[in-house]
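Notes follow the structure.
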Amino acid sequence: MTKFEKMIFWYILLLLPAIVLSECTCDPEDEDRNKKEALKYKMAALAAILVASAIGVCIPVLGKAIPALSPERNFFFIIKAFAAGVILSTGFIHVLPDAFESLTSPCLAEHPWGDFPFSGFIAMVSALVTLMVDTYATSYYSTKNLKNGVVATEAGDEQGVVHAHSHGHVHGSGSMMADSESELLRYRVISQVLELGIIVHSVIIGIALGASESPKTIKPLVAALTFHQFFEGLGLGGCIAQAKLKTRTIAIMALFFSLTTPIGIGIGLGITNVYDENSPTALIVEGVFNSASAGILIYMALVDFLAADFMHPRMQGNGKLQLGANISLLLGAGLMSMLAKWA
């Protein structure tokens, strides 16, 4: 995990608890508060989400132990298509509508929040910024590696060197290795950006769940968020597996993903007495973060998952694989959309 990503992560964790300390402008909507019963469901949610997140992100990473899950197998494309559907649905059906709800709340001033569709605008800008980061980061690392003349994976058992002729020509095998390294670098950038987008909204939903004192609200969220984190874990785990990172890096990324929502729940528990989801500051910050997160997730799902995989030569040359991937994509998007009923 990069220093920038760590900085953003801690910034989110430190900022979000502070946004709830402003005064309330709307009446609380929970009339069935029961702290004792709500706490039981929160503890159950914390444990279930932690386990589901860890299992989801680890399944694709176990490609070496389970051959069927190896990125070189066709079945891996099916899993990634399902995960892409989940992430796309998360952006469009779960996160973006929440952002619109926050930034169009009657608890906010009519001007400027009622004058302009800020949620859609922020999501669009976020997607464009993600494209720029994606492009420049890949270009930077590719150029850096070509200048060094060395191609090396982070995996200890996979290394290669590109040897250039004195006249500037490159051996055929070296050219193939350079292409492979370029693809590998892209997967690494994708995994970092995707995790950042997931972390943002995972912390937010964790805080919202942890701060709620209504068992009626929490109960359906436990199952919905458990499946939500499991499916998102599959998508992130697929990117991590293709990036061929060091074992230590994989463990850190998986741990960060698994802990973000439970940490959010823990923060929510700590600020239950002062949290007000209807305060203007809370609504604005949550709306902005959710909009940005939606833009990142939608871009990643459409560009780095679907466009890259569905245009892959292996997919284009295999009709059965195309059919399976399309069915898996629709299934993932459909199941995640259905969870919106309970979330």
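The values are calculated or read from the model by the stated rules, or taken from the named source; none is laboratory data. Just so it is clear, the structure is predicted and the values come from calculations on it, not from any experiment. Cβ: placed from backbone, ideal geometry, glycine included. Neighbour counts: every protein chain shown. To get the accessible areas, we keep the full protein, side chains included, count just its heavy atoms, and leave off ligands, DNA and RNA. Shrake-Rupley method; radii C 1.70, N 1.55, O 1.52, S 1.80 Å.
Per-residue counts of other Cβ atoms within 10 Å, averaged by peptide: what ranking do you get for 234-245, 130-141, highest first?
Order by mean packing, descending: 234-245, 130-141.
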Give the distance, in whole Å, between the Cα centre of region 83-126 and the Cα centre of region 242-262.
28 Å
How much length, in nm to one decimal, is gained on full extension between ILE66 and LEU131, taken as 0.36 nm per residue of separation minus their Cα-Cα distance?
20.1 nm
Please compute the per residue accessible area over region 196-328 with all protein chains in place, 1.4 Å probe, rounded to a whole number of Å².
34 Å²
Pairwise label distance in nanometres, ARG33 with GLU183, each label 7 Å out on the Cα-Cβ vector
5.6 nm
For the ranges 226-232, 41-47, what's the packing order if you count other beta-carbon atoms within 10 Å of each residue, average per peptide, and put the highest first?
226-232, 41-47
For LEU108, residues with placed amide H under 5 Å, excluding near neighbours
none
What list of ³J(HN,Hα) couplings, whole Hz, do you get for region 234-250 from phi and the Karplus terms 6.51, -1.76, 1.60, once you set θ to phi - 60° and write x for glycine and proline?
4, x, 5, x, x, 5, 5, 5, 6, 6, 6, 7, 5, 4, 5, 5, 4
To the nearest Å², the heavy-atom accessible area per residue of region 26-122 with 1.4 Å probe amounts to 53 Å²
Run the simple label-point estimate for LYS246 and THR281 please: 7 Å along Cα→C-beta, distance reported in nm.
4.0 nm
Kindly identify region 286-343 as rounded, prolate or oblate by the Cα gyration tensor criterion: order the square roots of the eigenvalues as a ≥ b ≥ c, call it rounded if a/c is under 1.5, otherwise compare a/b with b/c, prolate if a/b is larger, else oblate.
oblate
Carbon and sulfur %, accessible surface of region 251-343 computed with the full protein complex present, 1.4 Å:
71 percent
